[in-house]
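Report on the structure given below.
The values are calculated or read from the model by the stated rules, or taken from the named source; none is laboratory data. What you see is a predicted model, and the numbers here were worked out from it, not measured in a lab. Neighbour counts are summed over all protein chains in view; Cβ atoms, including those assigned to glycine, are modelled from backbone coordinates with ideal geometry. Please note that ligands, DNA and RNA were not included when accessible areas were found on the heavy atoms of the full protein model with its side chains. Shrake-Rupley method; radii C 1.70, N 1.55, O 1.52, S 1.80 Å.
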Amino acid sequence: MNTPSHSPVPASPTRDFAEQHMHTILARLAGPGAVPRADQVDAVHAVLQPASRVLVVQATGWGKSAVYWAATHAIRSTGAGPTLVVSPLLALMRDQVSAAERAGLKAATVNSTNIDDWDEVFQRLDADAIDVLLVSPERLGNPRFAARLGALLARVGLIVIDEAHCISDWGFDFRPDYQRLARALLSTPTASVLATTATANERVTLDIGKQLGAGTVTFRGTLARTSLTLSVVPGLSPLQRYAWIADALEQLPGSGIVYVLTVAEAERLTAFLRSCGHAVEAYSGQTDADTRLKVEERLRHNQVKAVVATSALGMGYDKPDLGFCVHLGSPSTPVAYYPQVGRAGRAVAHAE
């Protein structure tokens, strides 16, 4: 990807140029017969405008990442700098590195779990051998990364703020570190900025657009997911809820996630379900990084029936055939609920 394969992007790139790269990426990610969804090509076209500010609010599974991989592919084809992706969860970054590589892009990450690899990653950046660098929001507080941020921002062609509701005071998962990093990145006068989320009501959408700037172009679609069947089982006592889940795991399709509200509940329910003979794993903010990765992979390869998880396993975890999500206890808001159920039914016709 480092040798230009097309003539440089003109001052106002054409929609055909955007469509060409969108089709290339979709063919690599989804097969040669894949066609763009509504607004995908227009979003790439908007991103390719000089120093643009673009917000994409679309349902989980719509293909927001395909937009920034296609924009990256187009930008890199002209010899411009790499894309910097800010991503809030380690599980999400691992999936994004894998997806970028499937899209034909050279990707790397800088986060708290791979500090020993940072020097090699920075050397590859200096050699222009990386198309996409993914970073966690907390990196801005690390002196080694902060010292390189100015030079990096001078080179990047595109900045992506993924799960952008995290930068909004009104977002369900607002994070100060994320907002601070976003503000630092938004200060660049030359790179385009793309913010994406599936989890923004009207107030959050307006707030993100305000932070991006007056010229922000917003693409917002329906958040309805026809593959998902939502239902409620009311009136159960705490013990009855455990029994209901144990019985339901015998019937629910495929493998899935059981969401709980606390670490203690995750451990307690996991122990109960194992005593009933179910293959389940616990996952929370207190699960160490190596174990998290192993649990994610076991779920991805259907080696467990379910993962009993807190919100630590949420945004961005990619298992297209996830068959169900069960909530033991309600998340704080419908906006917090949406990205969790959105893990299910992304590539199957029906999920519970």
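Report whether or not Val308 is assigned to a loop (DSSP other than H, G, I, E, B), modelled with pLDDT of 95 or more, within 17 Å of Leu252 (Cβ to Cβ) and open to solvent by less than 20 Å² (accessible area, probe 1.4 Å). Considered against the rule, which asks whether it is assigned to a loop (DSSP other than H, G, I, E, B), modelled with pLDDT of 95 or more, within 17 Å of Leu252 (Cβ to Cβ) and open to solvent by less than 20 Å² (accessible area, probe 1.4 Å), Val308 comes out as no.
Hey, any hits in region 68-89 for a residue that's open to solvent by 10 Å² or more (accessible area, probe 1.4 Å), farther than 19 Å from Leu181 by Cβ and within 13 Å of the chain's Cα centre (by Cα)? No, the conditions are met nowhere in region 68-89. Among the residues of region 331-347, the ones that are hydroxyl-bearing (Ser, Thr, Tyr) and without any contact (Cβ under 8 Å) to a residue 24 or more places away in the chain come to 1 in all. Out of all the residues in region 230-273, which are closer than 18 Å to Asp321 by Cα and loosely packed, with under 13 Cβ neighbours inside 10 Å? Residues satisfying the conditions are Leu230, Glu250, Gln251.
When both residues are 6+ apart or on different chains and their Cβ atoms are under 7 Å apart, which pairs have a first residue that lies in region 28-44 and is at negative phi, and a second that is crowded, with 16+ Cβ neighbours inside 10 Å and of a type in the set (Val, Ile, Thr)? As it stands, the answer is Gln40/Val67; Ala43/Val54; Ala43/Val56; Ala43/Val67; Val44/Val67, since those pairs meet every condition given.
Residue under question is Asp39, and the condition is that it be closer than 28 Å to Phe174 by Cα, open to solvent by 30 Å² or more (accessible area, probe 1.4 Å) and acidic (Asp, Glu); does it hold? Yes. Among the helices (runs of 4 or more DSSP H) confined to region 7-110, the ones with at least 1 residues that are under 30 Å from Tyr283 (Cα atoms), in contact with a strand residue (DSSP E or B) (Cβ under 9 Å, 6 or more places away or on another chain) and small (Gly, Ala, Ser) are located at 64-77, 90-102.
Residues checked against (1) farther than 25 Å from Ala38 by Cβ; (2) touching a Pro at 6+ places or on another chain (Cβ under 7 Å); (3) open to solvent by 70 Å² or more (accessible area, probe 1.4 Å):
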site: Gln123; (1), (2), (3): yes, no, yes
site: Ile130; (1), (2), (3): yes, yes, no
site: Ile167; (1), (2), (3): yes, no, no
site: Thr197; (1), (2), (3): no, no, no
site: Thr216; (1), (2), (3): no, no, no
site: Gly221; (1), (2), (3): no, no, no
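Taken over region 103-121, the residue count meeting the criterion of being out of contact with any Asp or Glu (no Cβ under 9 Å at 6 or more places or on another chain) and surrounded by fewer than 13 Cβ atoms within 10 Å (Cβ to Cβ) is 4.
Restricted to region 192-286, the set of helices (runs of 4 or more DSSP H) holding at least 2 residues that are free of Cβ contacts under 8 Å to residues at least 60 places away in the same chain and within 22 Å of the chain's Cα centre (by Cα) comprises 202-212.
Within region 325-352, the set of residues being open to solvent by less than 20 Å² (accessible area, probe 1.4 Å), at pLDDT below 80 and of a type in the set (Gly, Ala, Ser) comprises Ala336, Gly342, Gly345.
Just one of the listed residues (Leu322, Leu313, Leu293) is open to solvent by 30 Å² or more (accessible area, probe 1.4 Å), in contact (Cβ under 8 Å) with a residue 60 or more places away in the chain and under 19 Å from the mean Cα position of the chain (by Cα), namely Leu293. So, Gly209, is that one open to solvent by 50 Å² or more (accessible area, probe 1.4 Å) and more than 18 Å from Gly61 (Cα to Cα) or not? So Gly209 does not fit the description; no. When residues of region 167-178 are filtered for being assigned to a helix (DSSP H, G or I) and either more than 23 Å from Thr72 (Cα to Cα) or small (Gly, Ala, Ser) (or both), how many remain? Selection size over region 167-178: 2. For region 125-141, the set of residues classified as assigned to a loop (DSSP other than H, G, I, E, B) and at pLDDT below 90 consists of Ser136 only.
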